[in-house]
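Notes to accompany the following structure.
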Amino acid sequence: TSVDRCVPKEILFKFLVIGDYGVGKTAVVRRYTDGRFSSNYKITIGADFSMRTLQWDDCTKVNLQLWDIAGHERFGCMTRVYYKYAVGAAIVFDLSRTATFQSVRKWLKDLREKLSLADGEPVPVVLLANKCDIPGYSVQPEVVTRFCKEQGIQAWFLTSAKTNVNIDRAMQFLVERALQTR
Ligand code: GTP
Ligand code: MG
């Protein structure tokens, strides 16, 4: 039978990690690619990228290139350059700072204006409500769910780069969507 045979495939996906400064984009990427966390804040200048390879199934290897984009670049003219050829995006906000949730709309707008897939479809997006380890956050889950529905964001996760909550799941989701849309 042909069931147990396959042609080994290796796929490269470029994903973006965007959102306001200080929300934890670098921490999320570091947690995911390196398994580590640091509480020292070192601002990202411009953009950085990190890789992680996933053995997706017996035949498919996925090389993920995560582009960690500086929060202060929001209105900069560089985002268009950084966004190029990306096939997925994680938008991050900080649950303990409501204003960073309000900015998600602007990040999404910037993304949608500057980037779409080769067939013109919008790139898959996942929303990360980060720092869920900090108790007493003010952004309500129902509000996030409603916002995602309105904006066509396929999924959102409560995450913590610090305590390693849902980072893998969120990225897994994005890989699945990217595999479906390719
Ligand atoms: P820019 O590079 O300026 O755009 O910021 P950023 O989004 O990359 O933020 P960064 O990852 O540098 O994190 C900012 C601060 O928040 C750092 O002090 C991190 O240690 C802290 N931080 C990040 N993620 C978490 C988290 O899940 N929980 C907690 N408690 N702190 C976090
Ligand atoms: Mg950073």
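Worth a mention:
- Val3 closer than 13 Å to Met171 by Cβ and either at pLDDT below 95 or buried (at least 20 other Cβ atoms within 10 Å of the Cβ) (or both): no
- Members of the stretch 1-21 found to be over 21 Å from Val123 (Cβ atoms) and either under 16 Å from the mean Cα position of the chain (by Cα) or within 16 Å of ligand 1 (Cβ to nearest atom) (or both), listed by number: Tyr21
- Hey, Arg30 of a type in the set (Lys, Arg) and without any contact (Cβ under 8 Å) to a residue 24 or more places away in the chain or not: no
- Candidate set: the stretch 125-182, residues that are charged (D, E, K, R) and assigned to a helix (DSSP H, G or I); chosen: the one most open to solvent (accessible area, probe 1.4 Å): Lys149
Okay, residues lined up against (1) surrounded by 14 or more Cβ atoms within 10 Å (Cβ to Cβ); (2) in a strand (DSSP E or B); (3) near ligand 1 (Cβ under 9 Å from one of its atoms):
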| position | (1), (2), (3) |
| --- | --- |
| Val23 | yes, no, yes |
| Ala27 | yes, no, yes |
| Arg31 | yes, no, yes |
| Phe37 | yes, no, yes |
| Tyr41 | no, no, yes |
| Thr44 | yes, no, yes |
| Met51 | no, yes, no |
| Asp57 | no, no, no |
| Val62 | yes, yes, no |
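- Top-ranked residue of the stretch 67-124 - restricted to ones that are among the hydroxyl-bearing types (Ser, Thr, Tyr) and either assigned to a strand (DSSP E or B) or open to solvent by less than 20 Å² (accessible area, probe 1.4 Å) (or both), ranked as nearest to Phe173 (Cα to Cα): Tyr83
- Residues of the stretch 133-182 classified as hydrophobic (A, V, I, L, M, F, W, C) and within 16 Å of ligand 2 (Cβ to nearest atom), total: 2
- Within the stretch 149-182, the set of residues being in contact with a Leu (Cβ under 8 Å, 6 or more places away or on another chain) and of a type in the set (Phe, Trp, Tyr) comprises Trp156, Phe157.
- Which listed residue, of Gly35, Gly24, is on the phi > 0 side of the Ramachandran plot and within 16 Å of ligand 2 (Cβ to nearest atom): Gly24
- Filter result (at negative phi and touching a strand residue (DSSP E or B) at 6+ places or on another chain (Cβ under 7 Å)) within the stretch 116-144: Val123, Pro124, Val125, Val126, Leu127, Leu128, Ala129, Asn130, Cys132, Asp133, Val139, Val144
The values are calculated or read from the model by the stated rules, or taken from the named source; none is laboratory data. Just so it is clear, the structure is predicted and the values come from calculations on it, not from any experiment. So basically every Cβ, Gly included, is an ideal-geometry build from the backbone, and we count neighbours across all protein chains shown. When the accessible area is computed, the model is the full protein with side chains, heavy atoms only, and any ligands, DNA or RNA have been set aside. Shrake-Rupley method; radii C 1.70, N 1.55, O 1.52, S 1.80 Å.
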